[in-house]
There are 2 protein chains.
Amino acid sequence: MNIHLICTGTELLNGGTLNTNLAFIGEVLRRDGYALRREVCVPDGAAAIGAAVREELQHADLVITIGGLGPTSDDLTRDVVADVLGVKLHLDATVLATIEAYLRKRGARVTPQSARVQAMVPAGATVLPNPNGTAPGLWCPAGAGRAVVMLPGPPVELKPMFVDAVLPLLRQGWPPELCSASIRVCGVPEPTVADAVDRIVAACPGVTPAYCARPGLVEVHLTAPPVAIASLADAERQVRNELGEAALPPGCSGMVEAVGNLLRERRWSLATAESCTGGALGALLTDRPGASDFFRGALVTYANEWKTALLSVRPETLAQHGAVSAATAAEMLDGLLSRPDVDAAIAITGIAGPDGGSAEKPVGLVFIGTGVREHRRVQRHLFPGSRETVRQRAAAAALNQLRFDLLHYP
Amino acid sequence: MNIHLICTGTELLNGGTLNTNLAFIGEVLRRDGYALRREVCVPDGAAAIGAAVREELQHADLVITIGGLGPTSDDLTRDVVADVLGVKLHLDATVLATIEAYLRKRGARVTPQSARVQAMVPAGATVLPNPNGTAPGLWCPAGAGRAVVMLPGPPVELKPMFVDAVLPLLRQGWPPELCSASIRVCGVPEPTVADAVDRIVAACPGVTPAYCARPGLVEVHLTAPPVAIASLADAERQVRNELGEAALPPGCSGMVEAVGNLLRERRWSLATAESCTGGALGALLTDRPGASDFFRGALVTYANEWKTALLSVRPETLAQHGAVSAATAAEMLDGLLSRPDVDAAIAITGIAGPDGGSAEKPVGLVFIGTGVREHRRVQRHLFPGSRETVRQRAAAAALNQLRFDLLHYP
């Protein structure tokens, strides 16, 4: 089936807002066995939105629109789609009551007109509840087995509505085209992963691989039509066997979760000492709730004097080897692990660039120390890319290095 | 004029990659006085790309394509566009030599065939140099005063090429439609900014305002046709007067730069003490080069014991007032400022959520302490939104609070 997405909003076209809804919907559909075939982004305005809906309906089974359901004069999607579909809008009393209750609960002034605008429903449409905002979603039959579904633009409203209300209706109307499996692989370059997976998949009829590389992590997506589900399971098992510990456990969202779970199982604590990452590793470790189970804190010793004052890095080490050196990383690590409440530790020192590199110590040179109690090691890395990329890769490599330490301790 | 963008790549439609190129191009065009009118995203594949180029050329003066210029079998944009335009491709010896030199310099194996594919140039096209990769951009006349410009997909290659090579050709072909001015405003809610700006702009003929809210920062964009440039300058002056110190200086990219410049002028140093932000403020302060001019480091004291051990927060204070309290924030701040090499400091403690809130201390409650030497203060905030949003807003509010301290010290 063909699913097309129309994103509306001048702010998406003038750089005001990054279109994160597209990536979200694309990923959710893929995981559920569907494919988003096309996306169009148009500015606010009835003419542009109407033309886009008409065009996309020519080739799509389901057209999803995002945005333009709010209460202001810019918000025209509801009227435009009703017009394209040739149906009338009516005021839905239940929707109106829900919107008014939502606004009242939040102490917002209920502007009768704005609530009424958002309570207008096209004839024949299914109302999709919006627990996180005022405008409901609207699923409208569009003839010839097709449908148009209108969703609100704010991600906090769109995301739960898409998963909880749109996917069930989608599954009712169209069976998934594909089964899928995902394997997250850490610390192995994408070409190496792809070589191994391509070779395995070549012997698994019906299975197609896709790859998505993020800093330090490659996501392998395997898909297959429902008739080939056994072949898909076989491919996933073989890939996991081949990749071994480089593959995260099934269902694990990423390296932070993997490291967190290993620490939780052992009731161990973690601390970090950071220089070039500036606190980014600490921020990464705490960006999901539950980090206080294991994370003590981070000592971001950007200045050399702080490395000495807070981590007992010796001034002679700094003078002799420099701040970016295996010796400094080792002493940063030792400084952390000398604290009585730290079981596991990570130390990072490097040159993120774009300035500060030399022939001997180029931009991208990073030393990463990891340790579990008395088992400690420092590895040298040379990361390509921008300042941001070097910092992200350093944080990812550090987490993966510690993950292996935890898996193999003692 | 109509500028349309075609982004190619299945990874953009299946959630593998966030489309940051769209926002980048939209913003650069707007700043230069142009408007991106439409964007389409299609999967890899000659049929989809060809259909999109044909369709968009019906309504656009300039069609920009992104992606599909690489050396693999997926990379078809070059051939498809030449086919749509009805021109032949020829091997460009200069381009080939440039690609081979680029690969050799990086120690990459030069695969003759892959270099040759990327050195194919449509008849009549202008080659846009790519100093950051192999595939050059290609600007192709498309008849009737129109053009198609093909750009590589990796942002690190696309961004400089767009600014350095595409914009000059764009300006040669079409005069900018609009003049623009930007004002970055910190610490004032978007509706308040919009009220003030709308009132001023109403009396400045030809000037249109637009707003873009980021955590802790509202960007005000004023645009006007070239004939109204005096009115635009008048509007900008009045808005800056009205907003006073809430507006960052012209040309200042954001709060980190503003705070950094104030510290540099005074030759003062900065350190942070973070709890709920987990190091995110330190990461923010160091995500551009040059932070070592003023940034000493961050003490991320996630565990209460670390607040005591590293910042001398008294156990009685934690017991009596809790870790999320004005008293704890004040002692964290004092702990930092007691270090001999710290002139200015920020301390943050709060409840980022989604768990851990109570009636008395709800999720989003954050205490921010800032100080310059002996001048110190703690402010209480209640930030709405997700864990990520609370952390971002806390970091932004902290920077703005310190910015005002620096402006008014002593």
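The values are calculated or read from the model by the stated rules, or taken from the named source; none is laboratory data. Note that the coordinates shown come from a computational prediction; the quantities given were computed from them, not determined experimentally. Using ideal geometry, Cβ is built from the backbone for each residue, glycine included, and neighbour counts are taken over all protein chains shown.
Those helices (runs of 4 or more DSSP H) of segment A:1-97 in which 1 or more residues are within 7 Å of chain B (Cβ to nearest Cβ) and crowded, with 18+ Cβ neighbours inside 10 Å occupy A:10-13, A:20-31.
The helices (runs of 4 or more DSSP H) falling completely within segment A:191-307 that include 3 or more residues that are over 19 Å from the mean Cα position of the chain (by Cα) map to A:229-243, A:255-266. Within segment A:147-157, does at least one residue satisfy the condition of being surrounded by fewer than 15 Cβ atoms within 10 Å (Cβ to Cβ), of a type in the set (A, V, I, L, M, F, W, C), out of contact with any Pro (no Cβ under 9 Å at 6 or more places or on another chain) and farther than 21 Å from A:Leu85 by Cβ? Within segment A:147-157 (the criterion being surrounded by fewer than 15 Cβ atoms within 10 Å (Cβ to Cβ), of a type in the set (A, V, I, L, M, F, W, C), out of contact with any Pro (no Cβ under 9 Å at 6 or more places or on another chain) and farther than 21 Å from A:Leu85 by Cβ), the answer is yes, since at least one residue qualifies.
Might you let me know whether segment A:381-399 holds any residue that is among the aromatic types (Phe, Trp, Tyr) and modelled with pLDDT of 95 or more?
Checked segment A:381-399: no residue is among the aromatic types (Phe, Trp, Tyr) and modelled with pLDDT of 95 or more.
For beta carbons closer than 7 Å, sequence separation of 6+ or different chains, a first residue in segment B:72-98 that is under 11 Å from B:Ala123 (Cα atoms) and assigned by TED's automatic domain parsing to the domain that holds B:Gly124 and a second that is surrounded by fewer than 17 Cβ atoms within 10 Å (Cβ to Cβ) and of a type in the set (Gly, Ala, Ser), the qualifying pairs are B:Val87/B:Ala123; B:Val87/B:Gly124; B:Lys88/B:Ala123; B:His90/B:Ala123. Being within 12 Å of another protein chain (Cβ to nearest Cβ) and surrounded by 18 or more Cβ atoms within 10 Å (Cβ to Cβ) is the filter here; which residues of segment A:336-345 pass it? The answer is A:Leu336, A:Arg339, A:Val342.
Among the candidates B:Glu56, B:Glu39, single out the residue that is of a type outside the set (Ser, Thr, Tyr), in contact with a Cys (Cβ under 6 Å, 6 or more places away or on another chain) and closer than 20 Å to A:Ala48 by Cβ.
Working: B:Glu56 fails: in contact with a Cys (Cβ under 6 Å, 6 or more places away or on another chain).
B:Glu39 is the lone residue from the list that is of a type outside the set (Ser, Thr, Tyr), in contact with a Cys (Cβ under 6 Å, 6 or more places away or on another chain) and closer than 20 Å to A:Ala48 by Cβ.
All of (1) of a type in the set (Ser, Thr, Tyr); (2) touching a Phe, Trp or Tyr at 6+ places or on another chain (Cβ under 7 Å); (3) away from every other protein chain (no Cβ under 12 Å) hold for B:Thr370 with one exception: (2).
A quick yes/no check of all residues on (1) over 27 Å from the mean Cα position of the chain (by Cα); (2) within 13 Å of chain B (Cβ to nearest Cβ); (3) among the β-branched types (Val, Ile, Thr):
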site	(1), (2), (3)
A:Gln379	yes, no, no
A:Phe383	no, no, no
A:Glu388	no, yes, no
A:Ala396	no, no, no
A:Leu399	no, no, no
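Identify all residues within segment B:369-395 that are closer than 25 Å to A:Arg106 by Cβ and of a type in the set (Val, Ile, Thr); write none if there are none. Of everything in segment B:369-395, those that are closer than 25 Å to A:Arg106 by Cβ and of a type in the set (Val, Ile, Thr) turn out to be B:Thr389, B:Val390. Do we find a residue being within 20 Å of the chain's Cα centre (by Cα) and either touching a residue at least 40 places away in the same chain (Cβ under 8 Å) or closer than 19 Å to A:Asp164 by Cβ (or both) anywhere in segment A:37-47? Checked against the condition, which is being within 20 Å of the chain's Cα centre (by Cα) and either touching a residue at least 40 places away in the same chain (Cβ under 8 Å) or closer than 19 Å to A:Asp164 by Cβ (or both), segment A:37-47 yields no hits at all. Checked against the criterion of being more than 14 Å from chain A (Cβ to nearest Cβ), surrounded by fewer than 17 Cβ atoms within 10 Å (Cβ to Cβ) and charged (D, E, K, R), the candidates B:Glu190, B:Glu242, B:Glu236, B:Glu177 yield just one match: B:Glu242.
Results for (1) within 24 Å of B:Ser182 (Cα to Cα); (2) at pLDDT 95 or above; (3) among the hydrophobic types (A, V, I, L, M, F, W, C), shown as yes or no for each residue.
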{"position": "B:Gly15", "(1), (2), (3)": "no, no, no"}
{"position": "B:Leu18", "(1), (2), (3)": "no, no, yes"}
{"position": "B:Phe24", "(1), (2), (3)": "yes, yes, yes"}
{"position": "B:Arg30", "(1), (2), (3)": "yes, no, no"}
{"position": "B:Arg38", "(1), (2), (3)": "yes, yes, no"}
{"position": "B:Cys41", "(1), (2), (3)": "no, yes, yes"}
{"position": "B:Ala48", "(1), (2), (3)": "no, yes, yes"}
{"position": "B:Val53", "(1), (2), (3)": "no, yes, yes"}
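Somewhere in segment B:325-335, is a residue within 14 Å of another protein chain (Cβ to nearest Cβ), free of Cβ contacts under 8 Å to residues at least 60 places away in the same chain, crowded, with 22+ Cβ neighbours inside 10 Å and not hydroxyl-bearing (Ser, Thr, Tyr)? Yes.
In segment B:310-323, the qualifying residues are those that are more than 23 Å from B:Glu360 (Cα to Cα) and more than 8 Å from chain A (Cβ to nearest Cβ), and the one that is surrounded by the fewest Cβ atoms within 10 Å (Cβ to Cβ) is B:Ser312.
Restricting attention to segment A:264-280 and to residues that are touching a strand residue (DSSP E or B) at 6+ places or on another chain (Cβ under 6 Å) and more than 9 Å from every other protein chain (Cβ to nearest Cβ), the residue that is surrounded by the most Cβ atoms within 10 Å (Cβ to Cβ) turns out to be A:Ala273. Looking only at segment A:160-170, decide whether some residue is farther than 24 Å from A:His59 by Cα and modelled with pLDDT under 95. Yes, because at least one residue in segment A:160-170 is farther than 24 Å from A:His59 by Cα and modelled with pLDDT under 95. Number of residues in segment B:355-368 that are free of Cβ contacts under 8 Å to residues at least 40 places away in the same chain and either out of contact with any helix residue (DSSP H, G or I) (no Cβ under 8 Å at 6 or more places or on another chain) or loosely packed, with under 12 Cβ neighbours inside 10 Å (or both) equals 8. Just to be sure, is A:Ser292 surrounded by 20 or more Cβ atoms within 10 Å (Cβ to Cβ), small (Gly, Ala, Ser) and within 11 Å of chain B (Cβ to nearest Cβ)? Taking the combined requirement at face value, the residue does not satisfy it.
Selection of segment B:381-399 for residues being within 14 Å of B:Cys276 (Cα to Cα) and without any contact (Cβ under 8 Å) to a residue 60 or more places away in the chain yields B:His381, B:Leu382, B:Phe383, B:Ser386, B:Arg387, B:Glu388. If only residues of segment B:130-142 that are surrounded by fewer than 22 Cβ atoms within 10 Å (Cβ to Cβ) and modelled with pLDDT under 95 are counted, the one that is nearest to A:Glu388 (Cα to Cα) is B:Asn132.
Filter segment B:98-129 down to residues that are among the hydroxyl-bearing types (Ser, Thr, Tyr) and assigned to a helix (DSSP H, G or I) and give me whichever is modelled with the highest pLDDT.
Once the filter is applied, the top-ranked residue is B:Thr98.
Of all residues in segment A:270-286, exactly one satisfies the criterion of being without any contact (Cβ under 8 Å) to a residue 12 or more places away in the chain and small (Gly, Ala, Ser), namely A:Ala283.
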